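One structure is given below, encoded as structure tokens.
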Amino acid sequence: MCILKSEMLHRFDPLTDPRWEEFLRYHPRSSVFHSVQWLDALRRTYGYELFGITTCHQHAALTNAAVFCRVSSWLTGRRLVGLPFSDHCDLLVDAQADLAAIASTLQREPLQGMLRYVEIRPTRSLDSLGLESPSSLRYCLHQIDLLPSLDTLFGNCHKDSTQRKILRAEREGLAYEEGRSEFLLDRFYSLLILTRRRHLAPPQPKKWFQSLIECFGGALKIRVAFRDKNAIAAILTLRYKDTLVYKYGCSDSRFHHFGGMHLLFWRSIQEAKQDGLNVFDLGRSDWEDTGLITFKDRWGAERSEIIYLRFSALTNAKGTYMPAGADWKGRIARKVFPWLSDRVLCAAGNFIYRHIG
């Protein structure tokens, strides 16, 4: 199948083309979700076909590019996504003419009849391109500026809901461990199953986290809080360039009052400051998830909006779209997931996530 055929565009393999990493090193909007490590983990776990597109010729240095996964599913259809399971993934294109060439090609692609849609997840608006009414989905993104002192960062936190929880965790003497050992991965994954069950959803495949560990090495950390040798909260962070990214978090709700999650976030901030990083990216949140948004607000994080664009004929009356797999989720989850064993719930995740990327 020929995808994104255009006289103006050239395809390349970001996993093998040495220009890609060199390009990312200097582009100011490149993120962990563009990185070779993230792309390799997607390929290893889900088998997606990965490719980049650019207006630059094959042997020329990259000055612009965008990266995509081709998802081919008998359950949810064929589509291009830039990128699955990524909070955001900018089109790394600065010149307006190049951006227009790439965007217009993406917009036309589903009309060829081989794809249900093409989805992009930019952090900046593309309104200036005058694209023809793509459907969209809006998220809230939180980031903490790490340039102020630790005392200032602590003072920016909500006094009752955040500062006191950090101090409570320290008073309780919660133990803290970090790394990427099998022991910590097992503790993290057990808490993830608990959390996903609470949210009426299956956990991501354990192989996904194993792939992330293999691909990122020391740039990945699993951070776990313990009370009396019981793992009560865990987060997974990724380091890329000057940014620490919070990607996954999970906890045992019976121990929420001890402030385990707050301890993990504060340790992450302390470490990022020590290492001279500039940003702590807290990731995206659904606008409907007011509890999570409030939690992130109370760390003094700055809010912004990210808008996913989907080029497809499948829009509803409001011009918005449902994420792949969302239709089955609401109908099935509330009836089935609470009654599934951990083993069956994990098997459901192993099956489902490949199709909803």
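The values are calculated or read from the model by the stated rules, or taken from the named source; none is laboratory data. Owing to the predicted nature of the structure, the values given are computational and were not obtained by experimental measurement. As a convention, Cβ positions derive from the backbone with ideal geometry for all residues, glycine included, and neighbour counts pool all protein chains shown.
Could you tell me how many of the residues in the stretch 122-146 are of a type outside the set (A, V, I, L, M), modelled with pLDDT under 95 and assigned to a strand (DSSP E or B)? Break it down into steps so the answer makes sense when it comes.
Filtering the stretch 122-146 for residues of a type outside the set (A, V, I, L, M) gives 122-125, 127-128, 130, 132-136, 138-140, 142-143, 145.
Applying the additional criterion that residues be modelled with pLDDT under 95 yields 122-125, 127-128, 130, 132-136, 138.
Next, from what is left, pick out any that are assigned to a strand (DSSP E or B): 135-136, 138.
Here the count works out to 3.
Look at the stretch 38-67 and say how many of its residues are surrounded by fewer than 18 Cβ atoms within 10 Å (Cβ to Cβ), in contact (Cβ under 8 Å) with a residue 40 or more places away in the chain and in a helix (DSSP H, G or I).
Final tally of qualifying residues: 1.
From the list GLN210, GLN204, exactly one residue is part of a helix (DSSP H, G or I) and within 20 Å of the chain's Cα centre (by Cα). Which is it? Step through it out loud before you land on a result.
Values: GLN204 fails: part of a helix (DSSP H, G or I).
Selected residue: GLN210, the only one of GLN210, GLN204 that is part of a helix (DSSP H, G or I) and within 20 Å of the chain's Cα centre (by Cα).
Quick one: PHE33 ticks every box in (1) free of Cβ contacts under 8 Å to residues at least 40 places away in the same chain; (2) within 23 Å of SER304 (Cβ to Cβ) bar one, so which box is it?
Among (1) free of Cβ contacts under 8 Å to residues at least 40 places away in the same chain; (2) within 23 Å of SER304 (Cβ to Cβ), the lone unmet condition for PHE33 is (1).
Table: residues versus (1) more than 30 Å from SER149 (Cβ to Cβ); (2) basic (Lys, Arg); (3) in contact (Cβ under 8 Å) with a residue 24 or more places away in the chain.
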residue: LEU191; (1), (2), (3): yes, no, yes
residue: PRO203; (1), (2), (3): yes, no, yes
residue: GLN210; (1), (2), (3): yes, no, yes
residue: ARG223; (1), (2), (3): no, yes, yes
residue: ARG239; (1), (2), (3): no, yes, yes
residue: MET261; (1), (2), (3): no, no, yes
residue: TRP266; (1), (2), (3): no, no, yes
residue: VAL279; (1), (2), (3): no, no, yes
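Determine whether the stretch 235-245 contains at least one residue that is surrounded by 22 or more Cβ atoms within 10 Å (Cβ to Cβ) and of a type outside the set (A, V, I, L, M, F, W, C).
Yes: one or more hits.
Would you be able to say whether some residue in the stretch 177-186 is out of contact with any strand residue (DSSP E or B) (no Cβ under 7 Å at 6 or more places or on another chain), modelled with pLDDT under 95 and either buried (at least 18 other Cβ atoms within 10 Å of the Cβ) or in the same structural domain as HIS256 (by TED's automatic domain parsing) (or both)? Before the answer, list the steps.
The initial filter retains those residues of the stretch 177-186 that are out of contact with any strand residue (DSSP E or B) (no Cβ under 7 Å at 6 or more places or on another chain), namely 181-183, 186.
If we keep only those that are modelled with pLDDT under 95 as well, we get none.
No, every residue in the stretch 177-186 fails to be out of contact with any strand residue (DSSP E or B) (no Cβ under 7 Å at 6 or more places or on another chain), modelled with pLDDT under 95 and either buried (at least 18 other Cβ atoms within 10 Å of the Cβ) or in the same structural domain as HIS256 (by TED's automatic domain parsing) (or both).
Go over the candidates ALA326, ALA347, ALA317 one by one and state the one that is out of contact with any Phe, Trp or Tyr (no Cβ under 6 Å at 6 or more places or on another chain), on the phi < 0 side of the Ramachandran plot and modelled with pLDDT of 70 or more.
Numbers: ALA326 fails: modelled with pLDDT of 70 or more; ALA317 fails: modelled with pLDDT of 70 or more.
After ruling out the rest, the residue left standing is ALA347.
Can you tell me how many residues in the stretch 68-92 are in a strand (DSSP E or B), touching a residue at least 24 places away in the same chain (Cβ under 8 Å) and either surrounded by fewer than 21 Cβ atoms within 10 Å (Cβ to Cβ) or of a type in the set (S, T, N, Q) (or both)?
Summing the residues that are in a strand (DSSP E or B), touching a residue at least 24 places away in the same chain (Cβ under 8 Å) and either surrounded by fewer than 21 Cβ atoms within 10 Å (Cβ to Cβ) or of a type in the set (S, T, N, Q) (or both) in the stretch 68-92 gives 4.
Filter the stretch 283-311 down to the residues that are small (Gly, Ala, Ser) and out of contact with any Lys or Arg (no Cβ under 8 Å at 6 or more places or on another chain), then identify the one that is surrounded by the most Cβ atoms within 10 Å (Cβ to Cβ).
For the stretch 283-311, the residue satisfying everything is ALA301.
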